[in-house]
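The values are calculated or read from the model by the stated rules, or taken from the named source; none is laboratory data. Keep in mind that this is a model prediction, so the values were computed, not measured. As a convention, Cβ positions derive from the backbone with ideal geometry for all residues, glycine included, and neighbour counts pool all protein chains shown. To get the accessible areas, we keep the full protein, side chains included, count just its heavy atoms, and leave off ligands, DNA and RNA. Shrake-Rupley method; radii C 1.70, N 1.55, O 1.52, S 1.80 Å.
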Amino acid sequence: MRHFVLLLTTAVSMFGCALMGLSADAAVARSAVARGKAPAPPQARADGSRGHRLADAACVPRRGRVCQASAKSQRRASRPRHLSPAPSGAVKPAKQTGAVKPTKATAGETAAATVRAGQIAGVLATRCENTELTPEAGNLGLIRAAVLCLVNVKRAQNGESPLRLSAQLGQAAEGHDHELISADYFAHVSPSGLTPVDRVRGTGYIPGRSVGYVIGENLAWGTYGLSTPAAIVSAWIASPGHLANILESQYTETGISVLAQVPPSLANGAPGATYAQEFGVIVH
């Protein structure tokens, strides 16, 4: 009896994009980051290593930005890629005259740092419950809470503030989750062409076209013992693209959906669950 887990991830914000995928035996992971527009569907290529598959970046750069395809480069996607060659000869550092006075934190910054530290300490002191539950129709609320706890613990371990639940992001996650089952596919972009940004925008989370945002999405499905919150979040953490979404410092909110079903063509009748997690922040 084979157990399966399949993952997808994407992130969307204001400037560039990238898409990468990896599959090996019973595990698949894909990651994407875009700034301003959601990524186009991936184009697969073989890398010749034990049947692994990588999907190349497919995106539209804006304002000279370029697409990147690694977790580290996702954070640099807004930087220009083509740089002028360095001048020949030694380059001397610029001299600075006078003493440099340290910048003092304002009272507001100090208070915010104290609150942040308290939030992180509180998360680290929390024991996540129900992480080994197998999703069923009657326990999906417990499953969602377990996923949120595990994700926030991972963020806290890396010095990031916990995410709070957003009803609108939850609506987007749930809608996509249901469509994955009913339309029998597994991707960030729907057969009709809807992207993660389209789905989130449809909930009213992004209040206007002129408002800045960062939106991300992690997807997964698993069967049998690999359908538990612990198994799914562990698989996300083990994937650089998914982990980049989990640890993104800009995100402040999230929405989680779990269904005790798997797209019919993928699980071959095996019991399991499909997970969708949206990440977001509005930048005014």
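Observations on the structure shown:
- Members of region 188-201 found to be touching a Leu at 6+ places or on another chain (Cβ under 7 Å) and either in a helix (DSSP H, G or I) or surrounded by fewer than 17 Cβ atoms within 10 Å (Cβ to Cβ) (or both), listed by number: VAL200
- When residues of region 126-147 are limited to those that are without any contact (Cβ under 8 Å) to a residue 24 or more places away in the chain and small (Gly, Ala, Ser), the one least open to solvent (accessible area, probe 1.4 Å): GLY141
- In region 251-276, the residues that are without any contact (Cβ under 8 Å) to a residue 40 or more places away in the chain and of a type in the set (S, T, N, Q): ASN268
- Looking across region 162-172, the residues that are among the aliphatic types (A, V, I, L, M), surrounded by 18 or more Cβ atoms within 10 Å (Cβ to Cβ) and under 15 Å from TYR251 (Cα atoms) come down to LEU163, LEU169.
- Restricting attention to region 134-164 and to residues that are of a type in the set (A, V, I, L, M, F, W, C) and touching a helix residue (DSSP H, G or I) at 6+ places or on another chain (Cβ under 7 Å), the residue that is nearest to ILE215 (Cα to Cα) turns out to be LEU163.
- Count of region 163-178 residues which are under 17 Å from LEU266 (Cα atoms) and touching a Ser or Thr at 6+ places or on another chain (Cβ under 6 Å): 1
- Selected residue (criterion: nearest to ARG155 (Cα to Cα)) from residues of region 110-125 that are open to solvent by 70 Å² or more (accessible area, probe 1.4 Å) and touching a residue at least 12 places away in the same chain (Cβ under 8 Å): LEU124
- Flag for GLY175 being in contact with a Lys or Arg (Cβ under 9 Å, 6 or more places away or on another chain) and open to solvent by 30 Å² or more (accessible area, probe 1.4 Å): yes
- Filtered residues of region 202-216 (kept if in contact with a strand residue (DSSP E or B) (Cβ under 8 Å, 6 or more places away or on another chain), part of a loop (DSSP other than H, G, I, E, B) and open to solvent by less than 40 Å² (accessible area, probe 1.4 Å)): TYR205, ILE206, VAL211
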